[in-house]
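A.B. asks: Would you mind keeping the following structure in view while I ask a few things?
The values are calculated or read from the model by the stated rules, or taken from the named source; none is laboratory data. Given the structure is predicted, the values throughout are model-derived calculations rather than measurements. FYI the Cβ positions are ideal-geometry reconstructions off the backbone, even for glycines, and counts take in every protein chain you see.
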Amino acid sequence: MPQLPHSGLKMARLLLLMVVMLPACAATPQDLSGKMFTIPQETNTAHVRLNTSLQSFSAATVCLRSVTDLDRNHILFSLATPSLANAFLIFKTATRDGIEVYVQDKAVTFGNQKYELNEWHSICSTWDAESGLVQLWVDGKASIKKFTSGSAIKSPIVILGQEQDSYGGGFDMSQSFVGAIHDVHMWNYVLSPCEIQRYTETSNFTPGNVLNWRALDFQITGRVLVEDRFITCN
């Protein structure tokens, strides 16, 4: 086998070091304060995978802020497990002002949610396995509580932009999200109403201990942009 010249050997070692370092760099959590994910077109590929070390939970709160002009069915938050494609979903239906929350493949529908197009909305959902109750909050307004399911959720994969019909895949373009999303947080407990109000109205709230927008571990697939949310004009 021929020997590389010294300069070539040095370059090969440098490239090897870069390849070894790349996965670690890609997995480093990022502070996305002041940023948003923009998904600019309808596809069955473009999405963001959010990574968490939590492998099991028996309660959850998910909060996010989003804007879209879609008047069809579309996903807002998709969490799947190996055995449950709809382990925890927040799904906007084509029915005016209807939002569905799925827990362990069981859906409940919350109506009259004032989900206006081309406007930013703060959306939160809570669930507790002990009671089996789920609740939705849109722009700080709480729904009634409804019963869905009550057992632990294990080995989650979280996707933004696409609805999982299988574990980490099975995307359907007709249910994809087009628009912008930011401030995604998830907790493995039910937030108090006061804490949800703080999320809705200010930035002074306890960040998620499962998913934290200020320290987010994520991978982008397809045409998804990380953009500034604020424009400063001189």
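A.B. asks: Which of the residues spanning the stretch 94-114 are of a type outside the set (A, V, I, L, M) and either surrounded by 19 or more Cβ atoms within 10 Å (Cβ to Cβ) or in contact with a strand residue (DSSP E or B) (Cβ under 6 Å, 6 or more places away or on another chain) (or both)? Break it down into steps so the answer makes sense when it comes.
C.D. replies: Let us first name the residues in the stretch 94-114 that are of a type outside the set (A, V, I, L, M), namely 95-98, 100, 102, 104-106, 109-114.
Passing the criteria: GLY98, GLU100, TYR102, GLN104, THR109, PHE110, GLN113.
A.B. asks: Something else about it: If I ask for residues that are modelled with pLDDT under 95 and among the basic types (Lys, Arg), which ones from the stretch 116-153 would you list?
C.D. replies: Answer for the stretch 116-153, where residues must be modelled with pLDDT under 95 and among the basic types (Lys, Arg): there is none.
A.B. asks: If only one of ASN188, ASN234, ASN204 is among the polar types (S, T, N, Q) and surrounded by 13 or more Cβ atoms within 10 Å (Cβ to Cβ), which one is it? Give the steps one after another, and end with the answer.
C.D. replies: Numbers: ASN234 fails: surrounded by 13 or more Cβ atoms within 10 Å (Cβ to Cβ); ASN204 fails: surrounded by 13 or more Cβ atoms within 10 Å (Cβ to Cβ).
Answer to the check: ASN188.
A.B. asks: Another one. Report yes if SER66 is farther than 18 Å from ILE157 by Cβ, surrounded by 23 or more Cβ atoms within 10 Å (Cβ to Cβ) and touching a Gly at 6+ places or on another chain (Cβ under 9 Å), otherwise no.
C.D. replies: Considered against the rule, which asks whether it is farther than 18 Å from ILE157 by Cβ, surrounded by 23 or more Cβ atoms within 10 Å (Cβ to Cβ) and touching a Gly at 6+ places or on another chain (Cβ under 9 Å), SER66 comes out as yes.
A.B. asks: From the set of residues in the stretch 139-157 that are among the charged types (D, E, K, R) and either over 26 Å from ASN51 (Cα atoms) or touching a helix residue (DSSP H, G or I) at 6+ places or on another chain (Cβ under 9 Å) (or both), which is surrounded by the fewest Cβ atoms within 10 Å (Cβ to Cβ)?
C.D. replies: Only one residue fits best here, namely LYS141.
A.B. asks: Report the residue count in the stretch 63-78 for those that are within 25 Å of SER203 (Cα to Cα) and assigned to a strand (DSSP E or B).
C.D. replies: Qualifying residue count for the region: 9.
A.B. asks: For the stretch 123-179, what are the residues that are of a type in the set (Ser, Thr, Tyr), assigned to a loop (DSSP other than H, G, I, E, B) and closer than 17 Å to SER58 by Cα?
C.D. replies: Kept after step one, since they are of a type in the set (Ser, Thr, Tyr), are these residues of the stretch 123-179: 125-126, 131, 143, 148-149, 151, 155, 166-167, 174, 176.
After this cut, where a residue has to be assigned to a loop (DSSP other than H, G, I, E, B) as well, the list is 131, 143, 148-149, 151, 155, 167, 176.
Residues satisfying the conditions are SER131, THR148, SER149, SER151, SER155.
A.B. asks: Could you say which residue among ALA12, ALA94 is under 26 Å from MET173 (Cβ atoms), modelled with pLDDT under 95 and more than 20 Å from the chain's Cα centre (by Cα)?
C.D. replies: On the way: ALA12 fails: under 26 Å from MET173 (Cβ atoms).
Step by step, each of ALA12, ALA94 is checked, and only ALA94 is under 26 Å from MET173 (Cβ atoms), modelled with pLDDT under 95 and more than 20 Å from the chain's Cα centre (by Cα).
A.B. asks: Continuing with the same structure: With touching a Phe, Trp or Tyr at 6+ places or on another chain (Cβ under 7 Å) and either under 19 Å from TRP120 (Cα atoms) or modelled with pLDDT under 95 (or both) as the only criterion, which of GLY161, GLY179 stands out? Quick ask: steps written out before the conclusion?
C.D. replies: Numbers: GLY179 fails: touching a Phe, Trp or Tyr at 6+ places or on another chain (Cβ under 7 Å).
Answer to the selection: GLY161.
A.B. asks: Also, quick follow-up: From (1) of a type in the set (Phe, Trp, Tyr); (2) under 16 Å from the mean Cα position of the chain (by Cα); (3) in a loop (DSSP other than H, G, I, E, B), pick out the condition that doesn't hold for TYR102.
C.D. replies: It is condition (3) that TYR102 fails.
A.B. asks: Among the listed residues LEU160, LEU225, LEU136, LEU191, which satisfies the condition of being within 26 Å of GLU116 (Cα to Cα), touching a helix residue (DSSP H, G or I) at 6+ places or on another chain (Cβ under 8 Å) and either of a type outside the set (Val, Ile, Thr) or without any contact (Cβ under 8 Å) to a residue 24 or more places away in the chain (or both)?
C.D. replies: The match here is LEU191.
Matching residues to (1) more than 14 Å from the chain's Cα centre (by Cα); (2) more than 21 Å from SER166 (Cβ to Cβ):
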| position | (1), (2) |
| --- | --- |
| SER53 | yes, yes |
| SER56 | yes, no |
| CYS63 | no, yes |
| ILE75 | no, no |
| ALA80 | no, no |
| LEU84 | yes, no |
| LEU117 | yes, yes |
| THR126 | yes, yes |
